[in-house]
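Inspection log for the structure reproduced underneath, given as structure tokens.
The values are calculated or read from the model by the stated rules, or taken from the named source; none is laboratory data. All values derive from a computational prediction rather than experimental measurement. Here Cβ is always computed from backbone atoms with ideal geometry, including for glycine, and neighbour counts include all displayed protein chains. Side chains are part of the model used for accessible areas, which takes the heavy atoms of the whole protein and leaves out ligands, DNA and RNA. Shrake-Rupley method; radii C 1.70, N 1.55, O 1.52, S 1.80 Å.
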Amino acid sequence: AKIEQHWQMLTKYLGNFEEVSAQLKSIAEKVAVKNTIIVLTCNFGQSELLMNFVCNAKAKGLDVSNVLVFPTDQETKDLAESMGLATFHDEKNFGHLPKAEAGHYGDRKFVAMMFAKAVCVHMISFLGYDLLFQDVDIVWYKNPLEYFHDPTNEFKDFDVYFQDDGAHSPRYAPYSAN
């Protein structure tokens, strides 16, 4: 039953992809800096974490103008926009996602939000942008894009960077990427 549900979600996503990515394109064009967009997704249950991220960045004088939030509900969209963030609310693919935070790691709400993370990264990547995806519970010490845009960076030839998740179970094998 779960695999059928996942196939239905994927079928819906792919069936709406052209229309939804066309709507996203105009927003992405406005947000991108040096062809880069910082991508987050959030539901209302995680909104305190989103507020913490924004308040922390602003307190440090860090620019969040190229942050694009993919809210999974209208309340989070309104909140993110009230804090000056750009948003793209994909009602077609996210309309069924939970508004509440996950009760624990791996529960139904947690898994549903994992779908949202994959979708928003795929769409921005498909549009040809470089992106930094981060979970909403992260705060910056300094602007992370300075590292990626530094032409003297010895790791500039890599296509993908991942943070080690710390979970080294078979589920995350072989790289334990977060």
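With respect to the conditions (1) of a type in the set (D, E, K, R); (2) open to solvent by 90 Å² or more (accessible area, probe 1.4 Å); (3) in contact (Cβ under 8 Å) with a residue 40 or more places away in the chain, Arg108 lacks only one, and its number is (3). The residues of the range 12-53 that are open to solvent by 80 Å² or more (accessible area, probe 1.4 Å) and aliphatic (A, V, I, L, M) amount to a single one, Leu14. Within the range 54-75, the set of residues being farther than 18 Å from Gln23 by Cβ, open to solvent by less than 10 Å² (accessible area, probe 1.4 Å) and more than 13 Å from the chain's Cα centre (by Cα) comprises Val54, Ala57. Screening the range 124-142 for residues that are outside any helix (DSSP H, G or I) and open to solvent by less than 30 Å² (accessible area, probe 1.4 Å) and picking the one that is nearest to Glu29 (Cα to Cα) gives Gln134.
Residues are listed down the side, and each one gets a yes or a no for (1) under 13 Å from Cys42 (Cα atoms); (2) surrounded by fewer than 14 Cβ atoms within 10 Å (Cβ to Cβ); (3) aliphatic (A, V, I, L, M):
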{"residue": "Thr87", "(1), (2), (3)": "yes, no, no"}
{"residue": "Lys99", "(1), (2), (3)": "yes, no, no"}
{"residue": "Gly103", "(1), (2), (3)": "no, yes, no"}
{"residue": "Ala112", "(1), (2), (3)": "yes, no, yes"}
{"residue": "His122", "(1), (2), (3)": "no, yes, no"}
